[in-house]
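The values are calculated or read from the model by the stated rules, or taken from the named source; none is laboratory data. Everything quoted here is computed from the prediction, not taken from an experiment. For accessibility, only protein heavy atoms count, side chains too; no ligands or nucleic acids. Shrake-Rupley method; radii C 1.70, N 1.55, O 1.52, S 1.80 Å.
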Amino acid sequence: MLIQNPPDIASSEITDEHAYLNRRQFVRGVTGTALGVVAAGLVPGTVAEAGDVGQQEIQNVKPGPFRTDEPQNSFEDITSYNNYYEFGLDKRDPSRNAHTLTTSPWTIQVDGHVAKPADYHIEDLLKGIAFEERVYRLRCVEAWSMVVPWVGFPLSTLIKRFGPTSGAKYVEFTTVLRPSEMPGVRRPVLDWPYVEGLRMDEAMHPLTILAVGLYGKTLLNQNGAPVRLVVPWKYGFKSVKSIVRMRFTSEQPRTAWNKATPNEYGFYANVNPTVDHPRWSQRSERRIGRFFRQATLMFNGYDDQVASLYNGMDLRRFY
Ligand SMILES: Nc1nc2c(c(=O)[nH]1)N[C@H]1C(S)=C(S)[C@@H](COP(=O)(O)O)O[C@H]1N2
Ligand SMILES: [Mo]
């Protein structure tokens, strides 16, 4: 892939070793010296097998807004009970297999209806970003949920820098596709790569974040290192992992799950206890780590923040 310098960042800055090393200091290397080169402090995924090995602490994380005070799931739960089908279908497969993914160097292709299309180095995208801890509920379409203390920042911060033009009505996100490092993509479970999308107002919403860490440390590969989307009022499958492309489109993106089973997984996928999945109820959920099921809330409990985005829309039709 041809790496272009983003128009507003001088090439000297990108190649300058001092600038590079300074940017690295947004994390303090816990095991960094043993790891060698680390792009923006985001750890290559080569040593993630044992759980927290290879993660780095993210510096200067401020408490963010919209924080739920419900008990947080354990680090162990969040990093060993995962959906990341590129590494296998079993909940334990991502934590077993995802260490093979190389996450450094990492570039994100930005294209479509945008003033500054380029292939951006992740360390340049993260430069000057104020990281926040966002404690969010995550509700999987499979009717389980967790509470996760993400470290991230509003997606809108980056989108504003890219300068979407009037044709940009949606954003399409694509996960890396690397068959040699992803045992799960040998099977045609989905039409790889994994693609998701948001309407522009959803993408710009202050609840929508890009996460680079959790529990104060950089993400493990099974959670979508080095950077993944988190959209807390939608079912978990919208929160696409290990993003390598953001395309600004005028048409609604064709998403991987919607292509696979359109009657089960709509484009909007807002958490909605009144619209059942064709094969099971969405009225309640099992919070991982708790014994009793609990009621599922409209928009996963974020209705005050997001209900107005869907005024006048029939949410049974636009599920
Ligand atoms: N690339 C990719 N992204 C993905 C998935 C996937 O299979 N592949 N699974 C989704 C689903 S169904 C859920 S519930 C969340 C789970 O995120 P977590 O494992 O970090 O809890 O990731 C989402 N993002
Ligand atoms: Mo999910």
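Structure above, values below:
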quantity	calculated
Accessible area of Tyr235 in the full protein assembly, 1.4 Å probe (Å², nearest 10)	20 Å²
Equivalent-ellipsoid semi-axes of the stretch 95-225, from the Cα gyration tensor, Å, largest first	24, 20, 17
Sequence-distant residues sharing a close amide H with Gly112 (under 5 Å, placed H)	Phe248
Centroid-to-centroid separation of the stretch 153-212 and the stretch 69-129 [C-alpha atoms, Å]	11 Å
Residue-level accessible surface for Tyr136, protein heavy atoms, 1.4 Å, Å²	0 Å²
Percent carbon-and-sulfur accessible area, the stretch 226-296, ignoring ligands, DNA and RNA, probe 1.4 Å	50 percent
Rounded accessible area of Leu297 (nearest 10 Å², 1.4 Å probe)	90 Å²
